[in-house]
Structures are given as C-alpha cells and as structure tokens.
Amino acid sequence: MNIDKSGYVAIVGRPNVGKSTLLNSLLGEKVSITSPKPQTTRWQILGIKTLPNAQIIYIDTPGIHREDKRAMNRYMNRIASSVIIDADVVVFMIDAQSFRSEDELVLDKLRKIDKPIILAINKIDLLEDKAELLPIIDKIKDKLPFAHIVPISAKDNINTDALEQEIARLLPEGPQLFPEDQLTDKSLRFQVAEIIREKLIQMTEEELPYATTVEIEQFDDGEKLAEISAVIWVERSGQKIIIIGKKGERLKKVGTQARREIEKIVGKKVFLRLWVKIKENWTDDDKALRTLGYE
Ligand SMILES: Nc1nc2c(ncn2[C@@H]2O[C@H](COP(=O)(O)OP(=O)(O)OP(=O)(O)O)[C@@H](O)[C@H]2O)c(=O)[nH]1
Ligand SMILES: [Mg+2]
C-alpha cells in the first residue's frame, strides 16, 4: 500500500434519494440500513474504502428535510449539516425522477461551503430513455458550480465506479486514517439495533416507522451463540399493539428476519429476544433522545 490521499466524503441529499444504498454499493457490503420510506437513516455512518493509493471515508447522513416537526427531525438535520461542514468532498445526491423543494433546501446549505461538490443523479435505471437525463441536468447544472455531474444507479451499480474515480481524484493529500480492514466506525451492537429497526420500518406503516427506536439491553457474544435482548421503544400503547400484532405474529416476523441477518454478520447462531416498551413522546423530548443514543 502506498496511500498518499485520504479524506472525508459526505453523501447528502433529501430523504429517500438512495444515499445509504450508494454507501453500501461503494463498499460492496451492507453498512447502512435502507428502506422505501423516507427518513430511514438517523445517524452519520462512516464507510471506509481503502484503495491501493487512497483511503476514502464516506459518510452516510440523514436526509435533509423540513424542520417543522420534532426534536428528532431537528437532530437529523443538524447531523447532516455538520457533516457537510466537516467533509473534504461532498456528493450531493438527487433522484432522477423528481427534483423537489427539499432538494433546494440541501442546495441552500451547499451554497455556504467552499469545497468540491459532485452532483450524483441517482435511480437512472428507472428512466425509460436516457435522453430524459438532459433536461434534468439542464435544470440543475447552473444552481452550483459542480465539480462533476455523474448519473448513476446505486441499486444496479451503474456508473458507481466512475463516481468513485472522480471522488478519489478530488481527495486531498493525506495519510491512511483507518486500518485497511476496517469498514465502518459503528459497533456490532449499533449494527444489530439498526438491522432490527430496518425490519420494523419495512413491516410497519404510517407514523410507526418514525415512532420506533431500538435499544440493545444485553449482548452476550459467546463462542457458539450470541444472546441478544433488545427493546423496541414506541410512543403510545396503540403502537405497541400494532408492532406485536395478532398473537404476536408481527413481532415474531421482525425477530426472525432480523435474527437471520444478524447471524450472517456475527457468523454464529443468535438468540434474539425483543421487548416492546412505551416512552411517551420520545421523538420530541431532547432528554429521552439523548438516553436513547441520539447525541
Ligand atoms: N430503482 C432504484 N431504486 C433505488 C436506487 N437507489 C436506491 N433506491 C431505492 O430507494 C429507496 C431509498 O433508498 P435509501 O438508500 O434508503 O435512501 P436514503 O437517501 O438513504 O434515504 P434516507 O436515509 O431516508 O435519507 C430504497 O427503496 C432503495 O432500494 C436506484 O439506483 N434505483
Ligand atoms: Mg439513508
């Protein structure tokens, strides 16, 4: 290895454009959870990619959205904004299918910084005709002096190599910052909680994905078996009833799907216990947010 370039690369954009899918695609591993519902990512998540001559530290961020809601929404936007300020390079991601006012919200933040910004136009696999890209590029190319404009599909790995090459070119000179076999900054405990939360988001509707968070209470990593207990926090008793489901079926399904995925990452059998508990209004309570890990 002869690493002489390194730096932090923020992946930012409004919710649901595909930021976490891109992070996973660039790393070739699932590091960040994804879902068809907006506001899935709640933290900054590092994904470390070590190339022969450069180390790229990608930072997945929560989708930037309007702040008219709760302390949790303000928390998520604050994280994304601070990552923009601290990064060396920014990848601004939009969805080829629609440019919305929340994209403008992101642009407003990007106008305040002075560093290379790459525009990544995602989900081009959904365009029937590639000619549809031209009016999209036309509409947005003068909004900021972008270093590059790269149409991609994060889901189908289209053009993501080209995107990475442009990113690597823009990295500042610098030493290796993380061991070459390190993939993320997040602990196994964090990843387990996120996997459970992903299954919950995928299996619930309406306000429920936004009212749930997962806390790992016990993590006994034995030689052949990992024993894990996790609490699913919700805001109201009605939400608890929905998550548990008729005869406990929904909770059981969440547990089974999460356990299968957790077994893959820990490489052994997993015994997973899930509890659903109520903490009223936790998403709009700064103190509750802090005790649940949103710091
Ligand atoms: N067709 C298609 N779907 C995609 C692509 N990239 C992401 N998606 C889908 O878009 C949805 C949102 O993807 P995420 O990666 O969770 O989006 P995000 O920007 O991280 O969303 P937040 O974390 O909520 O801000 C998921 O259903 C993905 O499968 C793509 O290139 N093509
Ligand atoms: Mg995400």
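All of the numbers you see were taken from the coordinates with simple rules; none came from a lab. Please read these numbers as outputs of a predicted model, since none were measured by experiment. Every residue, glycine among them, receives a Cβ derived from its backbone with ideal geometry; neighbour counts consider all protein chains shown.
Just a few scattered comments:
- Antiparallel DSSP beta bridges within segment 5-170, percent to nearest 5: 30 percent
- Normalised convex hull volume, segment 171-295, alpha-carbon set, Å³ per residue: 147 Å³
- Theoretical gain in end-to-end length, Ile3 to Arg260 [0.36 nm per residue, Cα-Cα removed]: 88.8 nm
- In percent, rounded to a whole number, the relative contact order of the chain is 18, using alpha-carbon pairs under 8 Å and six or more apart.
- C-alpha long axis of helix 101-110 to longest principal axis of the chain, angle in °: 70 degrees
- Note, ³J(HN,Hα) from phi for segment 65-78, Karplus 6.51, -1.76, 1.60, rounded to Hz, x at Gly and Pro: 9, 5, 9, 7, 9, 10, 4, 4, 5, 5, 4, 5, 5, 4
- Assuming charge only on the beta carbon of Lys and Arg (+1) and of Asp and Glu (-1), the dipole of the chain about its Cα centre is about 1060 debye to the nearest 20.
- The residues neighbouring Leu127, those whose beta-carbon lies less than 14 Å from its own, together hold a net charge of -3 under the Lys/Arg +1, Asp/Glu -1 convention.
- Evaluated over the chain, the Cα radius of gyration and Dmax, each in Å: 19.8, 58
- Here the 3J(HN,Hα) profile of segment 44-60, calculated from phi with Karplus coefficients 6.51, -1.76 and 1.60 at θ = phi - 60°, is 8, 10, 7, x, 9, 10, 9, 9, x, 10, 8, 10, 9, 10, 6, 10, 6 Hz, Gly and Pro shown as x.
- FRET efficiency for the Lys252 to Asn281 pair, using the beta carbon distance and R₀ = 30 Å, is estimated at 0.60.
- Calculated on alpha-carbon atoms, Rg and Dmax of segment 5-170 in Å: 14.6, 45
- Calculated FRET efficiency, Asp86 to Asp156, Cβ-Cβ distance, R0 = 35 Å: about 0.70 to the nearest 0.05.
- Extension gain (nm, one decimal) between Glu29 and Arg66, 0.36 nm per residue minus Cα-Cα: 10.3 nm
- Share antiparallel - DSSP beta bridges, the chain, percent rounded to 5: 35 percent
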